[in-house]
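The values are calculated or read from the model by the stated rules, or taken from the named source; none is laboratory data. Computed from a predicted model, the values in this text were never measured in an experiment. No Cβ is skipped: glycine too gets one built from the backbone with ideal geometry, and neighbour counts run over all protein chains shown.
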Amino acid sequence: MSGPDLFCTLLIMGAGAVIIAVAGWWSRRPRVPGTIRWISPTAIQFLALIIIVLLVPHLIGLMGGQDFAAHISANRSYGR
């Protein structure tokens, strides 16, 4: 199964950045007294940040960088 190409990766990372910005704007809005926010804007920002961080190695691999999984498994005995 092949991963998303460069355009899809950048699109998902951009969507994550937009989600972080919208959740930040939403968290600064005054709440209506007597209501509860069922979903925390901070939790939404954290999940979007995790998506962006997980896509960074994929983006580096797509741009011609070394495959991180191969690099880690090749250097597993380093320091022994």
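Considering only the stretch 1-50, state which residues are surrounded by 12 or more Cβ atoms within 10 Å (Cβ to Cβ), of a type outside the set (A, V, I, L, M) and within 16 Å of the chain's Cα centre (by Cα).
Scanning the stretch 1-50 gives 4, 8, 9, 16, 24, 41, 45, 46.
Just to be sure I understand, how many residues within the stretch 16-26 are more than 14 Å from residue 40 (Cα to Cα), hydrophobic (A, V, I, L, M, F, W, C) and touching a residue at least 24 places away in the same chain (Cβ under 8 Å)?
Qualifying residue count, the stretch 16-26: 1.
Checking residue 59 against (1) at pLDDT below 90; (2) farther than 15 Å from residue 12 by Cβ, which test does it fail?
Unmet for residue 59, out of (1) at pLDDT below 90; (2) farther than 15 Å from residue 12 by Cβ: (2).
Restricting attention to the stretch 27-50, which residues are assigned to a helix (DSSP H, G or I) and not basic (Lys, Arg)?
27, 41, 42, 43, 44, 45, 46, 47, 48, 49, 50
State all residues of the stretch 24-57 that are under 27 Å from residue 5 (Cα atoms) and in contact with a helix residue (DSSP H, G or I) (Cβ under 6 Å, 6 or more places away or on another chain); if no residue qualifies, say none.
44, 45, 48, 51, 52, 55, 57
Of all residues in the stretch 27-40, count the ones that are in contact (Cβ under 8 Å) with a residue 12 or more places away in the chain and under 18 Å from residue 51 (Cβ atoms).
The number of residues fulfilling the criteria is 0.
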